[in-house]
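J.: Take a look at the following structure, please.
FYI, it's all coordinate maths here, none of it is from the lab. Model, not experiment: these values are computed from the prediction. Reconstructed Cβ throughout: ideal geometry from the backbone, glycine too, with neighbour counts over all protein chains shown.
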Amino acid sequence: MIHPNLVIDALMKGADGVLICGCRPGDCHYQEGNLKAEKQAEAIRLMLQDFGIEDERFRLEWISAAEGPRFAHVVGELTEQVKNLGPNAYKM
C-alpha cells in the first residue's frame, strides 16, 4: 500500500513521474490490497489536480512478477510521456 502523500511528496520535490505497480486484481496475496491501491490512486489524482500537477505524471498499473516485458513496456511508455511533458516545474 502506498500512502498518497508519498506520491505527492515525490512530485513536489521534483520527480518527473511516479509509477506504482501492483498485483492484478484477484491475484494479490494481501487479498484486497490492489483494490485499496485503486482507491488511493483516485485520491492521488484529485490531489494532483489541487496542486496543479499534470495527471500524466502518475500511473498505476497491474503487472505480475511474470510479466517482465510488459513492465518494461509500461516503464518505457511512462518515460516517453513524461519526456513529452518536460521537466516537472513543481518543486519545493
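J.: Could you tell me the calculated FRET efficiency between residue 43 and residue 10, based on Cβ-Cβ distance and R0 = 22 angstrom, to the nearest 0.05? Could the numbers behind the result be given before it?
T.: Working: r = 15 Å, r/R0 = 0.69.
Taking R0 as 22 Å, the efficiency between residue 43 and residue 10 is 0.90.
J.: Amide H to amide H under 5 Å from residue 22: which residues, 5+ apart in sequence or cross-chain, H placed 1.01 Å off N in plane?
T.: Those lying under 5 Å, H to H, from residue 22 are 61, 62, 63.
J.: Using 0.36 nm times the number of residues separating residue 89 and residue 75, minus their current alpha carbon distance, what extension gain do you get? Let's see the in-between values first.
T.: Details: separation 14, 0.36 × 14 = 5.04 nm, distance 2.13 nm.
My answer for the length gained is 2.9 nm.
J.: Given the -39500 (n - 2.57) contribution per DSSP H run of 4+ residues, what per-residue ellipticity at 222 nm results for the chain, rounded to the nearest 500 deg cm²/dmol?
T.: Numbers: 3 runs with 46 residues, N = 92.
That comes out to -16500 deg cm²/dmol.
J.: I've got another one for you. Can you list the aspartates and glutamates whose alpha carbon sits under 18 Å from that of residue 36, skipping same-chain ones fewer than 8 residues off?
T.: The qualifying aspartates and glutamates are 27, 61.
J.: For the chain, restrict the atom set to alpha-carbon positions and state the Rg and Dmax in Å.
T.: 13.5, 38
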